[in-house]
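Each remark here refers to the structure printed beneath this line.
The values are calculated or read from the model by the stated rules, or taken from the named source; none is laboratory data. Nothing here was measured: the structure is a model prediction, and the numbers come from that model. Please note: Cβ atoms are built from the backbone with ideal geometry, for glycine as well, and neighbour counts cover all protein chains shown. Each accessible area value is taken on the protein alone, full model and side chains, heavy atoms only, with ligands, DNA and RNA left out. Shrake-Rupley method; radii C 1.70, N 1.55, O 1.52, S 1.80 Å.
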Amino acid sequence: QVHFVESGGGLVQPGGSLRLSCAASGFTSGFPFSIYDMDWYRRPPGKERELVAAITSDGSSTNYANSVKGRFTISRDNTKNSVYLQMNSLKPEDTAVYYCHANHRRLSPYWGQGIQVTVSS
């Protein structure tokens, strides 16, 4: 059974940085972590869930929401079955629960349990 462990969230002041990690387990040799595109989503308080950043299975291409471009960086390490989100110059509006998400065009997606990020002075 696929399972994600997200870490690195917490409380940070505006302008600060955090690095989220998402470590996956349970992928099989037939359908390994490395064939999945990975995303980070977030759900701000009282709002809909939104896509923040995405990275292709081999890490060759990334995409970002306009609101985080130039501040956030998504990366992955397929040898560690992990995906990361480096968040710099954080703003109060970045406050949300952040989720990692694995997706493949022919396979069922997987979601992490979510981790809280709060940006406040």
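Pairs are defined by a Cβ separation below 9 Å, a sequence spacing of at least 6 or placement on different chains, a first member in region 100-121 that is farther than 13 Å from HIS3 by Cα and open to solvent by 70 Å² or more (accessible area, probe 1.4 Å), and a second member that is part of a strand (DSSP E or B) and modelled with pLDDT of 95 or more; the pairs so defined are ARG105/ASP37; GLN116/GLY10; GLN116/LEU11; GLN116/ALA96; GLN116/VAL97; GLN116/TYR98. Taking the listed residues SER61, SER67, SER75, the one that is open to solvent by less than 70 Å² (accessible area, probe 1.4 Å) and either within 21 Å of GLN1 (Cβ to Cβ) or free of Cβ contacts under 8 Å to residues at least 12 places away in the same chain (or both) is SER61, with no other qualifying. LEU51 fulfils the conditions (1) open to solvent by 60 Å² or more (accessible area, probe 1.4 Å); (2) in contact (Cβ under 8 Å) with a residue 24 or more places away in the chain except for a single criterion, (2).
Filtering region 25-48 down to residues that are more than 12 Å from HIS104 (Cβ to Cβ) and among the polar types (S, T, N, Q), which residue is most open to solvent (accessible area, probe 1.4 Å)?
The first filter runs over region 25-48 and keeps only residues more than 12 Å from HIS104 (Cβ to Cβ), leaving 25-26, 28-30, 40-48.
Checking the rest, the ones that are also among the polar types (S, T, N, Q) come to 25, 28-29.
Details: SER25: 56, THR28: 75, SER29: 120 Å².
The selected residue is SER29.
Taking first residues from region 1-23 that are closer than 12 Å to PRO92 by Cα and open to solvent by 30 Å² or more (accessible area, probe 1.4 Å) and partners that are modelled with pLDDT under 95 and in a strand (DSSP E or B), no Cβ contact under 9 Å between residues at least 6 apart in sequence or on separate chains turns up.
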